[in-house]
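J.: Please read through the structure below; I'll follow up with questions.
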Amino acid sequence: MAFWLLKSEPASYGWTDLVRDGGTEWDGVRNPAAAKHLREMAVGDEALIYHSGPQKAAVGVVRIVRGAQPDGDDGRWVSVRIEPGAPLPRPVTLATMKATPALADMVVLRQSRLSVSPVGDAQWAVIMKLAR
């Protein structure tokens, strides 16, 4: 199982929308690096939903329930299907992530504009600990 981070503007589609809908197609990603990460996702992987914008925090965990399929006609882009797992007991803010030495190499901290990024096993464990 692999771990990921999916960034979303909560005003467009956030955690509460995902819970209300019971799942969604994670589509519309038009960055080559982010699309590569979507292609690497497998059923059973988990991802953090990270609210960008004013909140700037990881707020919940989702499951990947269907791997990549084409998104659009040109074959360059893909989408995956996600379903909500559980909200984090306490959101983990960007400021907390930046202040945590064990997370210094997180992709989201080095490439802040990337909307889909991998999260290492040890990083995931630290985020889960910070969320308690």
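The values are calculated or read from the model by the stated rules, or taken from the named source; none is laboratory data. No experiment lies behind these values; they were computed from the predicted model shown. Neighbour counts are summed over all protein chains in view; Cβ atoms, including those assigned to glycine, are modelled from backbone coordinates with ideal geometry. Heads up: the accessible areas ignore ligands, DNA and RNA and are worked out on the full protein's heavy atoms, side chains in. Shrake-Rupley method; radii C 1.70, N 1.55, O 1.52, S 1.80 Å.
J.: Here are some residues: Pro70, Pro10, Pro32. Which one is under 18 Å from Leu94 (Cα atoms) and either touching a strand residue (DSSP E or B) at 6+ places or on another chain (Cβ under 6 Å) or open to solvent by 20 Å² or more (accessible area, probe 1.4 Å) (or both)?
T.: From the options Pro70, Pro10, Pro32, the qualifying one is Pro10.
J.: Among the residues of segment 107-123, write down those that are free of Cβ contacts under 8 Å to residues at least 24 places away in the same chain and either open to solvent by less than 50 Å² (accessible area, probe 1.4 Å) or within 24 Å of Arg63 (Cβ to Cβ) (or both).
T.: If the condition is that a residue be free of Cβ contacts under 8 Å to residues at least 24 places away in the same chain and either open to solvent by less than 50 Å² (accessible area, probe 1.4 Å) or within 24 Å of Arg63 (Cβ to Cβ) (or both), then Leu109, Ala122 are the ones that fit.
J.: Hey, Ala2 hits all of (1) out of contact with any strand residue (DSSP E or B) (no Cβ under 6 Å at 6 or more places or on another chain); (2) open to solvent by 50 Å² or more (accessible area, probe 1.4 Å) but one; which does it fall short on?
T.: (2)
J.: Output the residue which, of all residues in segment 79-103 that are more than 15 Å from the chain's Cα centre (by Cα) and either surrounded by 15 or more Cβ atoms within 10 Å (Cβ to Cβ) or small (Gly, Ala, Ser) (or both), is farthest from Arg66 (Cα to Cα).
T.: Checking each candidate, the answer is Ala99.
J.: Here's a follow-up. Given (1) within 19 Å of Met1 (Cα to Cα); (2) open to solvent by 40 Å² or more (accessible area, probe 1.4 Å); (3) outside any strand (DSSP E or B); (4) not aromatic (Phe, Trp, Tyr), where does Val126 come up short, assuming only one miss?
T.: (2)
J.: Select the helices (runs of 4 or more DSSP H) contained entirely in segment 1-100, then report the ones holding at least 3 residues which are under 18 Å from Ser115 (Cβ atoms).
T.: By residue number, 10-13, 15-21, 32-40.
J.: Looking at segment 16-25, is at least one residue touching a residue at least 40 places away in the same chain (Cβ under 8 Å), loosely packed, with under 12 Cβ neighbours inside 10 Å, small (Gly, Ala, Ser) and at positive phi? Write out each step before concluding.
T.: Step one: filter segment 16-25 for residues touching a residue at least 40 places away in the same chain (Cβ under 8 Å), giving 18-19, 22-25.
Remaining after also requiring loosely packed, with under 12 Cβ neighbours inside 10 Å: 22.
Retained after the next criterion (residues that are small (Gly, Ala, Ser)): 22.
Okay, now just the ones that are also at positive phi, so 22.
Within segment 16-25, one or more residues are touching a residue at least 40 places away in the same chain (Cβ under 8 Å), loosely packed, with under 12 Cβ neighbours inside 10 Å, small (Gly, Ala, Ser) and at positive phi.
J.: Could you tell me which numbered condition His37 fails, if it satisfies all but one of (1) without any contact (Cβ under 8 Å) to a residue 60 or more places away in the chain; (2) within 18 Å of Asp121 (Cα to Cα)?
T.: Exception for His37: condition (1).
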